[in-house]
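Peer 1: Right, I'll just put the structure down here and ask away after.
The values are calculated or read from the model by the stated rules, or taken from the named source; none is laboratory data. Note that the coordinates shown come from a computational prediction; the quantities given were computed from them, not determined experimentally. Cβ: placed from backbone, ideal geometry, glycine included. Neighbour counts: every protein chain shown.
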Amino acid sequence: MAVLDQRANAVLLAVDLLLVVGLAVFAFATFPTLPDRYPVHFGFSGQPDRWAAGNSPEWFLLLGVAVVFNAILLAVGLSLHRIDPRWINVPRKAQFLELPRERQLAILAGVTTMVLALAAMFDLVLGGLYAMLYATAIGALASPPFWPLVLPIGLVLVVLILWTVHLGRAVRRATETAHRTGS
């Protein structure tokens, strides 16, 4: 793995862990201040359609989702170099499988970076959702606006598409280089 990938991955891992800790701090700090009844789900109109009691542990559901989703993404992202390449889905997979192992690992380092970035973006979306739920619960918002959730989710989709294109090009370049050098 290139030094840049190692540094980027270490920074992304630290950011991701800090975001999860931040979600936990927010959830536990705001829990005692929740009203007797707070909204936990909103319909397409933006109006609450399901409520929970103020002392309900349901407030920690988003935190649980964040922890489980991050554990899965981090486990996959940080173990990609150990997985049999035939089980990894990448663009131009046939070409990827023909590459020497060291070139596959260089490409997988980029995939690890993408997975760690995806985990951090997911945490940001959940953090925004938590903040909007809390603001609605305490009456600061009548109903949460829709766009603050659509914008980051759209950004995640754009990043995934661009990263997939980039990954396909990286496989193509590595294949071309391998053919030119005979390795």
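Peer 1: Under 9 Å between Cβ atoms, which residue pairs at least 6 apart in sequence (or on different chains) link something in the stretch 149-165 that is touching a residue at least 40 places away in the same chain (Cβ under 8 Å) with a partner that is among the β-branched types (V, I, T)?
Peer 2: Taking only residues 6 or more apart or on different chains, the pairs are W163/V111; W163/T113; T164/V90.
Peer 1: Return yes or no: is P91 closer than 27 Å to L162 by Cβ, assigned to a loop (DSSP other than H, G, I, E, B) and in contact (Cβ under 8 Å) with a residue 60 or more places away in the chain?
Peer 2: Numbers: closer than 27 Å to L162 by Cβ: yes; assigned to a loop (DSSP other than H, G, I, E, B): yes; in contact (Cβ under 8 Å) with a residue 60 or more places away in the chain: yes.
Against the criterion (closer than 27 Å to L162 by Cβ, assigned to a loop (DSSP other than H, G, I, E, B) and in contact (Cβ under 8 Å) with a residue 60 or more places away in the chain), P91 qualifies.
Peer 1: Kindly establish whether A52 is surrounded by fewer than 14 Cβ atoms within 10 Å (Cβ to Cβ), more than 21 Å from H81 (Cα to Cα), of a type in the set (A, V, I, L, M) and more than 22 Å from the chain's Cα centre (by Cα). Step through it out loud before you land on a result.
Peer 2: Working: surrounded by fewer than 14 Cβ atoms within 10 Å (Cβ to Cβ): no; more than 21 Å from H81 (Cα to Cα): yes; of a type in the set (A, V, I, L, M): yes; more than 22 Å from the chain's Cα centre (by Cα): yes.
Criteria not met by A52.
Peer 1: Output the number of the condition that I107 fails; it satisfies all remaining conditions of (1) surrounded by 12 or more Cβ atoms within 10 Å (Cβ to Cβ); (2) farther than 27 Å from S79 by Cα; (3) more than 18 Å from the chain's Cα centre (by Cα).
Peer 2: I107 satisfies every listed condition except (2).
Peer 1: Here is a check on your reading of the model: is G77 part of a helix (DSSP H, G or I), of a type in the set (G, A, S) and touching a residue at least 12 places away in the same chain (Cβ under 8 Å)?
Peer 2: Working: part of a helix (DSSP H, G or I): yes; of a type in the set (G, A, S): yes; touching a residue at least 12 places away in the same chain (Cβ under 8 Å): yes.
Criteria met by G77.
Peer 1: Might you let me know whether the stretch 147-168 holds any residue that is within 25 Å of A14 (Cβ to Cβ) and of a type in the set (G, A, S)?
Peer 2: Checking the stretch 147-168: not a single residue is within 25 Å of A14 (Cβ to Cβ) and of a type in the set (G, A, S).
Peer 1: Let me ask something else. When you look at V15, is it touching an Asp or Glu at 6+ places or on another chain (Cβ under 8 Å), farther than 20 Å from A140 by Cα and touching a residue at least 24 places away in the same chain (Cβ under 8 Å), yes or no?
Peer 2: Criteria not met by V15.
Peer 1: For the stretch 18-37, give me each residue that is assigned to a helix (DSSP H, G or I), under 19 Å from S56 (Cβ atoms) and either touching a residue at least 60 places away in the same chain (Cβ under 8 Å) or small (G, A, S) (or both).
Peer 2: First pass over the stretch 18-37, keeping only residues assigned to a helix (DSSP H, G or I): 18-33.
Narrowing further to those that are under 19 Å from S56 (Cβ atoms): 23-24, 26-33.
Hits for the stretch 18-37 are L23, A24, F26, A27, A29, T30, T33.
Peer 1: Sticking with this structure for a sec: Restricting the search to the stretch 165-181, which residues are surrounded by 13 or more Cβ atoms within 10 Å (Cβ to Cβ) and out of contact with any Gly (no Cβ under 9 Å at 6 or more places or on another chain)?
Peer 2: G168, V171, R172, A174, T175, A178
Peer 1: Which ones in the stretch 71-82 are closer than 20 Å to Q6 by Cβ and at pLDDT 90 or above?
Peer 2: Keep residues of the stretch 71-82 that are closer than 20 Å to Q6 by Cβ, which gives 73-82.
Passing the criteria: L73, L74, A75, V76, S79, R82.
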